[in-house]
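Note sheet for the following structure.
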Amino acid sequence: MTMIELRDTEVSPSGTNARRIALRPDEYWWGGVVEDGVQMPFRDRFYHCDMSANIRGNQATPLLLSSHGRFVWSDEPLEFTFDERDGGLTVASAGSELVFEEGHGDLAGAYRVACRRFFPPSGQMPDALNFTAPQYNSWIEMQYEPTQEKVLEYARGIQECGFPPGVLMIDDNWFEHHGDWRFHSGRFPDPGAMVRQLHDEGFRVMLWVSPFVSPDCGVYRELERKNLLVLDAQSSPVVRAWWNGQSAMLDLTNPSAVQWLKRRLDHLMAEYGIDGFKFDAGDPEYVRAEDVMHEPTDALRYCKAWAEIGLNYRFNEYRACWKLAGQPLVQRLRDRLHTWGSGGLTDIVPNGLAQGLAGYGFLCPDMVGGGDIGSFTGDDFHVDQELFVRTLQASLLFPIVQFSLAPWRVLDDEHLRYCRDAVRIRQSFASEILALAEYSALTGEPILRHMSYVFPHGGLESVQDQFMLGDAILAAPVTEQGARSRRVAFPAGQWRAEDGGVIHGPCVQIVDAPLGRLPWFRRIAS
């Protein structure tokens, strides 16, 4: 890739695909790969990203946004470098024209223009239940051993704990074989009865699926015969290592393969009443340049093709996605560790903010307490109950909140009480969050918003541990172990705490945050 350095305001000559942009004083940038939200905003340290190499198990949009109302867009992956030594941004894109614009005021202004032009909202949203009640997932609670009995017991625990019914996802290994997508007859002897009971109790049921196919089952032989699998250079089906072993891969560039999968999924809905699907995997890292498919493609387009299947279902979830911002897809942060530090709790807010600025409004911050299975295995594992409560609080005012590890099983009475209190707070916001989701579907506006998105002149660009829910609610979760207070930056205006006290901004205050409290404040209209 050839880099061509251009002056800040110079128009790129025809045919070039690179640009050098001088950073302005007090200018900050966001964008690229969601998993790198913890590195944002970009300005004061060296940062390099090649989006074509890996989107790091999460979402990515080829968009960079500036606090000074500037943006960069390309239809293809960006490669960009922020270098604090020379105060510049170098950005390039192979095979696609770079669009660089300025004059849109601030961060929100740049986002809105880019959104309208390059990823306009569809006007549709995932099912409302995603926003009005918590989600529940079997993954950490049952790991690779979900059963009909365990699922129904889990649902009973939810209700006996006083939590409202919501979306219930049956995760990996409910099936006979990967790609077969038939209930395992031993673990799920009567799935139709199970789903009917869950529906009667107010739940909606989703199943985990992936584009992988076990190479030693009848479905594999069927797909091989129909030429619906990714092939190698010798025209044999690829068998690739992933986290569940070695599997073949559906050729998602082949419309017949997509229709084959959709018929399987639709059968599950018609036969058993399944409501939707968690579409896992599809990561670019599992696609190689030498892979042979029905249509020439690359790793990111394969990832995008997997995500497009979810547009057929109102109940869906994705973790890996290339582009498709503004679409009615639930986008989850990648699996978080059961830890306070990097990879765990401290990443939730900054990466969630990056999701919103990438155009993924309907976002979920992974499972409460963490969704990385490696954190929950081993003889020496124990649940950090304080961490569990603080992770729930940090997730509480995201558009979507999801449980897996059963709090009624792993917490003592005190910490379970804090979780019940948190869920009651969440439910008190249900109609407000739903209204924001409906507005996002029509306008593309993020639901979870960076402080400087709402308050562009407040000097809040570097504040990455608090956020706005819409324009009115400021949330400041505690992410430090043992902390019982935290520093909160209040923008201009009046802010009412949940205890009725009023804080006059702009100011920075240390606020009390005992373990049972999520600091949140409502903006009082002037």
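Laboratory data are not the source of any read-out in this text; all were calculated from the coordinates shown. Quick caveat: nothing in here was measured; it's all calculated off a predicted structure. FYI the Cβ positions are ideal-geometry reconstructions off the backbone, even for glycines, and counts take in every protein chain you see.
Let me know the Kirkwood hydrodynamic radius for region 126-178, please, with Cα pairs as the basis and the value in Å to one decimal.
11.9
Could you list log10 I(q)/I(0) for region 141-242 at q = 0.16 Å⁻¹, which the Debye formula gives when each Cα is one point scatterer?
Each listed q corresponds, in turn, to -0.75.
Roughly how many debye, to the nearest 20, is the charge dipole of region 478-526 about its Cα centre, given +1 on each Lys and Arg Cβ, -1 on each Asp and Glu Cβ, and no other charges?
80
Kirkwood-based Rg over Rh for the chain (C-alpha set), two decimals?
That ratio is 0.97, to two decimals.
About the Cα centre of region 429-526, how large is the charge dipole given +1 on each Lys and Arg Cβ and -1 on each Asp and Glu Cβ? Please answer in debye to the nearest 20.
That gives region 429-526 a dipole magnitude of about 240 debye.
Treating cross-link reach as a plain straight distance, find the aspartates and glutamates whose alpha-carbon is under 16 Å from the alpha-carbon of LYS262, omitting any fewer than eight places away in the same chain.
Here the aspartates and glutamates satisfying the reach criterion relative to LYS262 are ASP180, GLU222, ASP251, GLU271, ASP275, ASP280, GLU308, GLU317.
What's the magnitude of the charge dipole for the chain around its Cα centre, counting Lys and Arg as +1 and Asp and Glu as -1 at the beta-carbon? Answer in Debye, nearest 20.
Roughly 1040 debye, rounded to the nearest 20.
Compare the Cα positions of THR81, MET468, PHE188 along the charge dipole of the chain (+1 at Cβ of Lys, Arg; -1 at Cβ of Asp, Glu; about the Cα centre) and return the one farthest towards the positive end.
Among THR81, MET468, PHE188, the one farthest towards the positive end of the dipole of the chain is MET468.
How many percent of DSSP beta bridges within the chain run antiparallel, rounded to 5?
Counting DSSP beta bridges with both partners in the chain, the antiparallel share is about 70 percent.
Give the residue from HIS68, SER96, VAL34 lying farthest towards the positive end of the charge dipole for region 15-130; charges sit on Cβ (+1 for Lys and Arg, -1 for Asp and Glu) and the dipole is referred to the Cα centre.
HIS68
Please tell me the relative contact order of region 399-526 in percent, rounded to the nearest whole number, where contacts are Cα pairs under 8 Å and at least six residues apart.
With pairs under 8 Å counted, the relative contact order is 20 percent.
Under a point spin-label approximation (7 Å from Cα along Cα-to-Cβ), what is the ARG409-CYS507 distance to one decimal in nm?
4.7
What's the local net charge at GLY105, with K and R +1, D and E -1, over the other residues with C-beta under 14 Å away?
With Lys, Arg at +1 and Asp, Glu at -1, the net is -1.
Counting each DSSP H run of 4 or more residues in the chain as -39500 (n - 2.57), what helix-only mean residue ellipticity at 222 nm follows after dividing by all residues, to the nearest 500 deg cm²/dmol?
-8000 deg cm²/dmol
Suppose we flag trypsin sites (Lys or Arg not before Pro) only when DSSP calls them loop and at most 14 other Cβ atoms lie within 10 Å. Which is the longest uninterrupted stretch of the chain?
Longest run free of exposed loop sites: 289-483.
Along the Cα-to-C-beta direction of GLN481, a point sits 7 Å from the Cα; which residues of region 326-346 have their amide N less than 12 Å from that point?
Zone members listed by number: 338-342, 345.
Of ALA435, LEU337, ALA320, which is farthest along the charge dipole of the chain in the positive direction, counting Lys and Arg as +1 and Asp and Glu as -1 at C-beta?
Result: ALA435.
For region 190-342, what is the convex hull volume of its Cα atoms per residue in Å³?
It is 155 Å³ per residue.
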